[in-house]
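A quick write-up on the structure given underneath.
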Amino acid sequence: YSEFSQSVKKEKLLFYISVFGDNYFQSRAYDLKEISKSADRVIVMAYDFHKARSNPGPNFPFDQKDIYGYDFKKMIEDFQKDVLRDKLVIAFGYFGYDWKVDKEGNSIETALPLSLFQMEERFGKDCKLQDCIVKKNSALESNAAYKEGDNQHVVWFEDRESVQKKVKYLQSQGILQTAAWAYSYF
């Protein structure tokens, strides 16, 4: 990182790095304190906490560490220990996953990624899917359940409202830079 950063800066360019939001939770082998010294910005991917190949859950829960083992607030606390606030850029994922689940709610296959546009189209004002229930939860994100034939589905996704609440929290922490990752089309 250090050598590449020096090369980039010689060209009068900025050097940004991106890291997983669950970096501390998963004990990933990155020395962020050292790496951030070379970086102009550290983009934290605050999404994909529950991945397509995992069981259903929020894209990144806001403040439910007791349920999920980690959350957005703890993530911000962890990153602020090693990275200066003015270098942090928190990236939100405007997408979600649709998991086909068994009777216990466990995923039975890789989830289908859907864009925010697709989520809003399917689960917006009037969900027309069989036995469709859409709700906001204490993780701040939207989630839905529906049936397709004999198959039960669970869907979680970040939306504009949940992102706004997280941005407000970031501002209260002195973090003012955000970014968006949109799967397919916004």
### Message
I'd like to check something: does the range 73-93 contain any residue that is farther than 15 Å from ASN55 by Cα and small (Gly, Ala, Ser)?
### Response
yes
### Task
Can you confirm whether the range 101-112 contains a residue that is of a type in the set (D, E, K, R), in contact with a helix residue (DSSP H, G or I) (Cβ under 6 Å, 6 or more places away or on another chain) and surrounded by fewer than 18 Cβ atoms within 10 Å (Cβ to Cβ)?
no
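Do we have any residue at all in the range 169-186 that's part of a helix (DSSP H, G or I) and either touching a residue at least 40 places away in the same chain (Cβ under 8 Å) or under 14 Å from TYR47 (Cβ atoms) (or both)?
yes
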#### Entry: Single condition ASN59 does not satisfy, out of (1) among the polar types (S, T, N, Q); (2) in contact with a Lys or Arg (Cβ under 9 Å, 6 or more places away or on another chain); (3) closer than 19 Å to LYS165 by Cα
(2)
#### Entry: Inter-residue pairs, beta-carbon under 6 Å, first farther than 28 Å from GLN64 by Cα and in the range 22-39, second of a type in the set (Phe, Trp, Tyr), 6+ apart
ILE35/TYR1; SER38/TYR1; ALA39/PHE15
### Task
Among the strands (runs of 3 or more DSSP E) lying completely within the range 37-153, list those that include at least 3 residues that are farther than 20 Å from ALA182 by Cβ and of a type in the set (D, E, K, R).
130-136
### When residues of the range 1-34 are limited to those that are polar (S, T, N, Q) and in a helix (DSSP H, G or I), the one nearest to GLY93 (Cα to Cα)
SER5
### Task
Answer yes if at least one residue in the range 67-89 is open to solvent by 60 Å² or more (accessible area, probe 1.4 Å) and at pLDDT below 95, and no otherwise.
yes
### Task
Mind listing just one residue for me: the one in the range 129-166 that is of a type in the set (Ser, Thr, Tyr) and touching a residue at least 60 places away in the same chain (Cβ under 8 Å) and, of those, least open to solvent (accessible area, probe 1.4 Å)?
SER162
### Query
Of the conditions (1) at pLDDT 95 or above; (2) surrounded by 18 or more Cβ atoms within 10 Å (Cβ to Cβ), ASN59 fails just one. Which one is it?
(1)
### Query
Would the range 39-53 turn up any residue that is within 14 Å of the chain's Cα centre (by Cα) and among the small types (Gly, Ala, Ser)?
yes
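The values are calculated or read from the model by the stated rules, or taken from the named source; none is laboratory data. What you see is a predicted model, and the numbers here were worked out from it, not measured in a lab. Note that we place each Cβ from the backbone using ideal geometry, even for glycine, and neighbour counts take in every protein chain shown. Note: accessible area is taken over every heavy atom of the protein model, side chains too, but ligands, DNA and RNA are not part of it. Shrake-Rupley method; radii C 1.70, N 1.55, O 1.52, S 1.80 Å.
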